[in-house]
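In what follows, a structure is listed as C-alpha cells, so that the remarks can point back to it.
The values are calculated or read from the model by the stated rules, or taken from the named source; none is laboratory data. These numbers were taken from a predicted model, which means no experiment stands behind them. Glycine gets a Cβ as well: all are built from the backbone with ideal geometry, and neighbour counts include every protein chain shown.
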Amino acid sequence: MPSFVRRNPVTTFVLITLGLQFGIVFSVWLMLPPGGHVHADPRLHMLFRMRVFGPLAACVGITWWLERKAGLRALFSSFLVWRVPLKWYLAAGVWKFLFAYLGIGVMIMALGKWPVQGMVLPHFWDGWLVTLPFIFGIAFVEETCWMKFCLTRLQMRYSALVSTLIIGNCWGLWYLPMVAINEGVPPGYPIIVFHGCMISLTILLAWLYNNTHSGVVLMLAQVVSNTAFFIAPILPPNNEIPANTPTLFAPAPWNNVLLDVDYVTWFSLIFILAGVLIVWRAGARDLGPRPRARWDEGMRERAAEVAAIA
C-alpha cells in the first residue's frame, strides 16, 4: 500500500475523495424523507456542507505521509505568489461574468427573451454576504486539492491538456452525485453540460496557473466563479417559466414548476468553446509560453533553501 501511494498519489487522492463524496451524499440521500431537502435538517445540512473539506484532508494527509513538512510548504507556497501582471487578475476577475452575459445576449438575440428577474438578481448581496466565507473556503480547498496537488503532479508526467482532461473529469465526477439528487448544486442544470463546464473550468484554471504560478490569482478566479451565480440571472431556479414559454432547450421540471435552462446552457456552451480556444491559442503542451507548473518545482526550491542555510 505505501508503495502504491508513493507511485500514484493523485490516483490515491481521487479514490479517497470520490469514495468519501459518494458515501456521504448517498447516506444523506437515504436519510432524507421523500421530497425533503438537506437544508430542512440542520444536522444533515451541516454534514453535507462540511464534506467539501474532505478533499483538503486527503491531500494534506497524503502530502504529509510522502514528503512531510517540505511537501506541505510546496502545497501551499503558491498562495505567496501574487506579483504577476495585472492582465491575469483582470482575466480571473471577469471571466464568468463575461461568459454569463454573453449567454444572456445570445438568448436576447435568438428569442428576444430577457431573464425573468432582470439583468442583475435583486438583493443578491443578502445571500452572497452570508455565503461569502464558505465561498472563500471552497475556493481554497479546490485550488489546493485539484490544481496544486493534482494538476502539478500530473504535469510532471503528462502535457497540460492531458492533465486537465484527467482532473476535469475526476472533478466533475465529484459533483455527479450532487447533480443527480439536486442537492448542493443548482437544480435543473443538465448533467452533461455541467460536466463539460467542469472540464472547461479546469482548462481555464490551468491556463491561469501555468502562466502565473499564483494561488492568489486562482483564488480570485474561483471566488468570482461562485459569486457570479449570485449576480447574473442564468441559473434555472432564477428562471421559472409558464408551460407555453418558447425555449431553445427543453425546460427542467422541478417541484411542480418548469425551470428555463436556456441561459445556463448557453453560458456553458460559450465556456466550453472558450476552453477549446484556450487550448488552441496557448498550446496543449503547456497552456502558455512558459513551462507548465510542476510539483517538483516547489520541492526543488525548498531543497535549495535548505542547502543555502546549511
### Message
If I ask for residues that are β-branched (V, I, T) and over 11 Å from Y263 (Cβ atoms), which ones from region 70-117 would you list?
### Response
V81, V84, V94
### Task
Give region 4-18 a look and list any residue that's at pLDDT below 95 and more than 20 Å from V162 (Cβ to Cβ), or say none.
F4, V5, R6
### Task
Return yes when L287 is buried (at least 18 other Cβ atoms within 10 Å of the Cβ) and in contact (Cβ under 8 Å) with a residue 40 or more places away in the chain and no when it is not.
yes
### Task
Report whether or not N256 is out of contact with any helix residue (DSSP H, G or I) (no Cβ under 7 Å at 6 or more places or on another chain), of a type in the set (S, T, N, Q), buried (at least 17 other Cβ atoms within 10 Å of the Cβ) and more than 18 Å from S78 (Cβ to Cβ).
no
### Query
Do we have any residue at all in region 75-82 that's of a type in the set (G, A, S), surrounded by 14 or more Cβ atoms within 10 Å (Cβ to Cβ), in contact (Cβ under 8 Å) with a residue 60 or more places away in the chain and more than 19 Å from L176 (Cα to Cα)?
yes
### Message
I want to confirm something. Restricting to region 88-111 and keeping residues that are more than 19 Å from N238 (Cβ to Cβ) and of a type outside the set (A, V, I, L, M, F, W, C), which single residue is surrounded by the fewest Cβ atoms within 10 Å (Cβ to Cβ)?
### Response
G93
### Query
Do we have P187 as touching a strand residue (DSSP E or B) at 6+ places or on another chain (Cβ under 7 Å) and either surrounded by fewer than 23 Cβ atoms within 10 Å (Cβ to Cβ) or more than 30 Å from H39 (Cα to Cα) (or both) here?
yes
### Query
For the subset of region 257-310 comprising residues that are in a loop (DSSP other than H, G, I, E, B) and closer than 30 Å to G118 by Cα, which member is modelled with the highest pLDDT?
V261
### Query
Out of region 234-256, which residues are under 19 Å from the mean Cα position of the chain (by Cα) and either aliphatic (A, V, I, L, M) or part of a loop (DSSP other than H, G, I, E, B) (or both)?
I234, L235
### Task
Identify all residues within region 24-74 that are small (G, A, S) and farther than 30 Å from F4 by Cβ; write none if there are none.
G35, G36, A40
### Message
With the condition being surrounded by 13 or more Cβ atoms within 10 Å (Cβ to Cβ) and not β-branched (V, I, T), I'd like the helices (runs of 4 or more DSSP H) fully within region 1-65 carrying at least 2 qualifying residues.
### Response
9-31, 42-50
### Query
Hey, among V116, V120, which residue is in contact with a strand residue (DSSP E or B) (Cβ under 8 Å, 6 or more places away or on another chain), outside any helix (DSSP H, G or I), surrounded by fewer than 18 Cβ atoms within 10 Å (Cβ to Cβ) and at negative phi?
V116
